[in-house]
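Each remark here refers to the structure printed beneath this line.
The values are calculated or read from the model by the stated rules, or taken from the named source; none is laboratory data. Since the structure is predicted, the reported quantities are computational estimates derived from the model, not experimental observations. Here the Cβ positions follow ideal geometry from the backbone for every residue, glycine too, while neighbour counts run over all protein chains shown.
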Amino acid sequence: MEQEKFLEQFIAQFDDEPTGVTMDTDFRDIDDWDSLTALGVISMIDDEYNVKLSGEELKSLKSIRDIFNIVKTKIG
Amino acid sequence: MSFIKIENISIVGISTAVPTQTSINNNEKFIKATGVAEKRITDKKICTSDLCFEAAEKLISDLSIDKNDIEILIFVTQTPDYKLPVTSTILQHKLGLQQSCLCLDIPLGCSGYVYGLTTISSLMNSGKIKKGLLLVGDTISKEVDKDDQSTEPLFGDAGTATLLSYDENSNPMLFGLGSDGEGYESIIIPNSGSRVGNNETKKLFLNGIDVFNFGTNKIPKVVNQFIDNFTLDKDNISHFVFHQANKFMNDKIYKKLGISVDKTSSSLKKFGNTSSATIPLTIVTELGGIKKDNSILFCGFGVGLSWGTFYTKMNNDIFCSKLIEI
């Protein structure tokens, strides 16, 4: 699982792709982040990595790297 | 999962009533994701039972049914007139049905139409009851927080009526039902019953991510189990009518199931998610009826968490009344 690819897949969930986003960006600080984007990210992780992430799990995470790490752990 | 086969009962007709008042969504991103451009909402005076009453009167009239033959009425809703008594008895009287009519309320939502079909057809078959009336609907717009952008734009109101008949020539009705109460807090109106929580909110709460995960992971699995259990052929099913949760979730479920979108129907654009009413409403507004020899699969899923799948091959046409607006 590659960080670069994950970041691309994450950014692709926004209608207007945000600039200056890195793995350490707090995803809630991205301008267009909302509950629909969150659903897109959950769905992308399910499609691409076959990993289920709950609402509670996402709530506990801060940066894009945090999401990447939990997905990585779940893949095993 | 409970698999149930019920003989001798056919769906004869369906009608739907919606409020005239239209609420239009303006958020393009929301419309694109959910598919909901507008929905109908009631004013304070109209209850779910009023919508279902109008739907029932129209259907009974269109089909020239003798009200004396209706000896069972089931009302499926999460928005009853009162906490007590049940609303089905009120509807029995208002519709002028006999006192010999069995009345029952079922407080289920998204899966409610399939649970209602199971219950009414099972009782009708056991008692050889000539005609049954299944009234299903909700006015969830009254339960949402007007400032909650995840629920307010999504939910619309509708009331439906389905008439069933005892008919020994009908094909079997097949059902698969299940529940997962671990997720009961995913869709909930807290403090709306006896159990009081720490805060006082009484508005609908929806955990979008958990419901999405449930819908897109559990539902394809249970529908496939249902199809396998009854050895059905997915390719031979004419119409798939699923609960209208939202476009994003429904499309993903269809994709996982490998169902061609051409065989599915959606009423989300104009009516939103109408909770228990979505399946019959979609049949009325999008299909306008179902022809003899067509096979149909319905799947309701959501609040509970609860799900139900239904299949039959029609041995008669399902009549649909023209949409009623009140």
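Some points to look at:
- Test: residue in segment A:26-48 that is over 25 Å from residue B:30 (Cα atoms) and at pLDDT 95 or above: no
- Selected residue (only one of A:25, A:37 is among the polar types (S, T, N, Q) and out of contact with any Phe, Trp or Tyr (no Cβ under 8 Å at 6 or more places or on another chain)): A:25
- For residue B:169, the test of being in contact (Cβ under 8 Å) with a residue 60 or more places away in the chain, of a type in the set (S, T, N, Q) and either out of contact with any helix residue (DSSP H, G or I) (no Cβ under 8 Å at 6 or more places or on another chain) or within 20 Å of residue B:116 (Cα to Cα) (or both) is passed.
- Wholly within segment B:182-275, helices (runs of 4 or more DSSP H) carrying at least 2 residues that are surrounded by fewer than 15 Cβ atoms within 10 Å (Cβ to Cβ): B:219-229
- Taking chain A as the region of interest, the helices (runs of 4 or more DSSP H) fully inside it that hold 2 or more residues being over 12 Å from the mean Cα position of the chain (by Cα) are A:35-49, A:55-59, A:64-75.
- Options A:72, A:52: the member that is under 28 Å from residue B:220 (Cβ atoms) and away from chain B (no Cβ under 14 Å): A:72
- Some residue of segment A:9-19 being polar (S, T, N, Q) and either facing chain B (nearest Cβ under 9 Å) or in contact (Cβ under 8 Å) with a residue 40 or more places away in the chain (or both): no
- Considering only residues in segment B:24-77 that are among the aromatic types (Phe, Trp, Tyr) and under 19 Å from the mean Cα position of the chain (by Cα), the one that is farthest from the other protein chains (Cβ to nearest Cβ) turns out to be B:53.
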